[in-house]
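Asker: Let me begin by handing over the structure; questions about it come next.
The values are calculated or read from the model by the stated rules, or taken from the named source; none is laboratory data. Computed from a predicted model, the values in this text were never measured in an experiment. Here the Cβ is made from the backbone with ideal geometry for all residues, glycine too, and neighbour counts use every protein chain on show. To get the accessible areas, we keep the full protein, side chains included, count just its heavy atoms, and leave off ligands, DNA and RNA. Shrake-Rupley method; radii C 1.70, N 1.55, O 1.52, S 1.80 Å.
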Amino acid sequence: MAELATIARPYAEALFQAAGSDAAALAPQIDALAAVAGNAELRQFADHPKVPASQVYDVIAGVVGQALDPRAANLLRTVIENGRLVALAEVAAQFRTLVNASGGVSDATVYSAFPLDGAQLAEVTASLEKRFGRKLNAHVEVDPELIGGVRVVVGDEVLDTSVRARLEQMKAALTA
């Protein structure tokens, strides 16, 4: 959703600048806030006109269950006061992208037909890092429709070595 991305960008950039060298350490806390704020019932509670912003802040901070860094607390207060709680997940995503870019790391989503254990993921990640030429934070999502192999998405780059993709290529070649 382009509108949420546009709304979230200034928040993410300001937080990144404020965090400075602590940005990587702050990222998990921002992700936790975004996960809590993603709850539909919580957003409905926050949008109620009779609920004060301080109460919404207290509820979210309480659910996170850890003492908030002053910068994370300030972000949360600002987002709540400006009625932008719905954009917090996008703020977290853009903040994570800025942190990764500053460290020369990219997020990678590995779609696999079957679950990968730690050793398999490490092996796949090592070969992908060579292929893409940068450090990757890989996480796996299981997609049985791939039949076999993997499909990797790194930013806007896609590497599809799945059986399904090969079958589709063969189909296209045979019907052409």
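Asker: Among the residues of the stretch 73-84, what is the count of those that are at pLDDT below 95 and within 20 Å of the chain's Cα centre (by Cα)?
Answerer: Total satisfying the criteria: 1.
Asker: Additional query: Could you tell me how many of the residues in the stretch 139-152 are modelled with pLDDT under 95 and within 25 Å of ALA25 (Cα to Cα)?
Answerer: Selection size over the stretch 139-152: 1.
Asker: How many of the residues in the stretch 54-67 are crowded, with 17+ Cβ neighbours inside 10 Å and over 23 Å from ALA25 (Cα atoms)?
Answerer: Matching residues across the stretch 54-67 total 1.
Asker: Within the stretch 33-40, is there a residue that is more than 22 Å from the chain's Cα centre (by Cα) and either within 20 Å of ARG9 (Cα to Cα) or surrounded by 15 or more Cβ atoms within 10 Å (Cβ to Cβ) (or both)?
Answerer: No, because not a single residue in the stretch 33-40 is more than 22 Å from the chain's Cα centre (by Cα) and either within 20 Å of ARG9 (Cα to Cα) or surrounded by 15 or more Cβ atoms within 10 Å (Cβ to Cβ) (or both).
Asker: Would you confirm, using the coordinates I've provided, whether PRO70 is closer than 19 Å to ALA24 by Cβ and either open to solvent by 30 Å² or more (accessible area, probe 1.4 Å) or more than 20 Å from the chain's Cα centre (by Cα) (or both)? Walk me through it before giving the result.
Answerer: Details: closer than 19 Å to ALA24 by Cβ: yes; either open to solvent by 30 Å² or more (accessible area, probe 1.4 Å) or more than 20 Å from the chain's Cα centre (by Cα) (or both): yes.
Answer is yes for this residue.
Asker: Pairs only if they're at least six apart or on different chains, beta carbon under 6 angstrom, first in the stretch 17-31 and under 14 Å from LEU76 (Cα atoms), second open to solvent by 40 Å² or more (accessible area, probe 1.4 Å) and of a type in the set (A, V, I, L, M, F, W, C); list them, first residue then second.
Answerer: As it stands, the answer is none, since no pair meets every condition given.
Asker: Does the stretch 125-165 hold any residues that are part of a loop (DSSP other than H, G, I, E, B) and touching a residue at least 12 places away in the same chain (Cβ under 8 Å), and which are they? Don't jump to the end; show me each part of the working.
Answerer: Of the residues in the stretch 125-165, the ones part of a loop (DSSP other than H, G, I, E, B) are 133-134, 143, 147-149, 155-156, 161-162.
If the condition is that a residue be part of a loop (DSSP other than H, G, I, E, B) and touching a residue at least 12 places away in the same chain (Cβ under 8 Å), then ARG134, ASP143, ILE147, GLY148, GLY149, GLY155, THR161, SER162 are the ones that fit.
Asker: Report the residue count in the stretch 83-124 for those that are open to solvent by 40 Å² or more (accessible area, probe 1.4 Å), part of a loop (DSSP other than H, G, I, E, B) and on the phi < 0 side of the Ramachandran plot.
Answerer: So the count comes out to 6.
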